[in-house]
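To start, the structure itself, in structure tokens.
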Ligand SMILES: Nc1ncnc2c1ncn2[C@@H]1O[C@H](COP(=O)(O)OP(=O)(O)OP(=O)(O)O)[C@@H](O)[C@H]1O
């Protein structure tokens, strides 16, 4: 898939942006576009009216977000715009101040707290970070089985079988006894993805996981994510600053601007055919 990444479109008002976007099939994120759709077999994650402040700074102002089952949703936006904060809220690592989060139609956050449903759903949500967060003194197998055995009390043989299966999914089974220090960046990232697969997630949240990788290695990681989506139906939310990677990876592109989601569209609509002036300026600024 290739996109021009250089839309040359005239300035329009915000209202006109919305009208034209709707004609072009671009979903501008408004409550009307996000409500009442969870649980219909399509939407996996739905967030409504998320707000989050750190001190006096409001980072998430009124975020309405949704992503579909089996989609790779790429989240873009200026540095500091709140992309990671959104992922962390979805992963249960940060609690919003206001708003609701639903996963697979189940309310996991509401009225300023995690619900009972979250305890059932949390294992379906995996997160992978740019820095891999693997223990350097442990081999790959021990890194993978650590949480299932120590935190969840999984049996040794069961967690080893699961680790082998997860490593197989990312093409890293032959490195099961290697230490992270013996692996390349791309291999470490694949191990980090395998670790997230240990709990058989439906949703994988990936925060700048290819930022430290060169384009061919980033492409290998993307192949892994595509396979997971196609073979296992896993939905992936991917934060990245790399627009070329974003346009290759995305089924949907979500653009964060000023604490809100300004655009939620197909990559074609977002990159080649979008009238949203903030997105256009952002893409032009990061294009090289
Ligand atoms: N735990 C925290 N305490 C205080 N401020 C925080 C905390 N987490 C995030 N922030 C601030 O919130 C803002 C948004 O951070 P966030 O990491 O979500 O942005 P981002 O869009 O992912 O940025 P980048 O692309 O640079 O990673 C930043 O200014 C950051 O310093």
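Taking 0.36 nm per residue of separation and subtracting the Cα-Cα distance, full extension of the segment from residue 138 to residue 226 would add 28.8 nm. The calculated FRET efficiency for the pair residue 98 and residue 119, based on their C-beta separation and a Förster distance of 30 Å, comes to about 0.90. Given axes a ≥ b ≥ c from the Cα gyration tensor, I'd like to know whether the stretch 66-125 is rounded (a/c under 1.5), prolate (a/b larger than b/c) or oblate. Note, shape of the stretch 66-125 comes out oblate. DSSP bridge analysis restricted to the stretch 195-265 gives an antiparallel fraction near 50%, rounded to the nearest 5.
Of all beta bridges that DSSP places with both ends in the stretch 149-288, some 50 percent have antiparallel geometry. Note on residue 54/residue 157: beta-carbon distance plugged into 1/(1 + (r/R0)^6) with R0 of 41 Å gives a FRET efficiency of 0.40. Set the Förster radius R0 to 22 Å, insert the Cβ-Cβ distance between residue 244 and residue 184 as r into 1/(1 + (r/R0)^6), and round the FRET efficiency to 0.05. It comes to 0.55.
FYI, it's all coordinate maths here, none of it is from the lab. Quantities reported herein were computed from a predicted structural model and do not represent experimental measurements. When we count neighbours, we look across all protein chains shown, and the Cβ atoms used for this are built from the backbone with ideal geometry, even at glycine.
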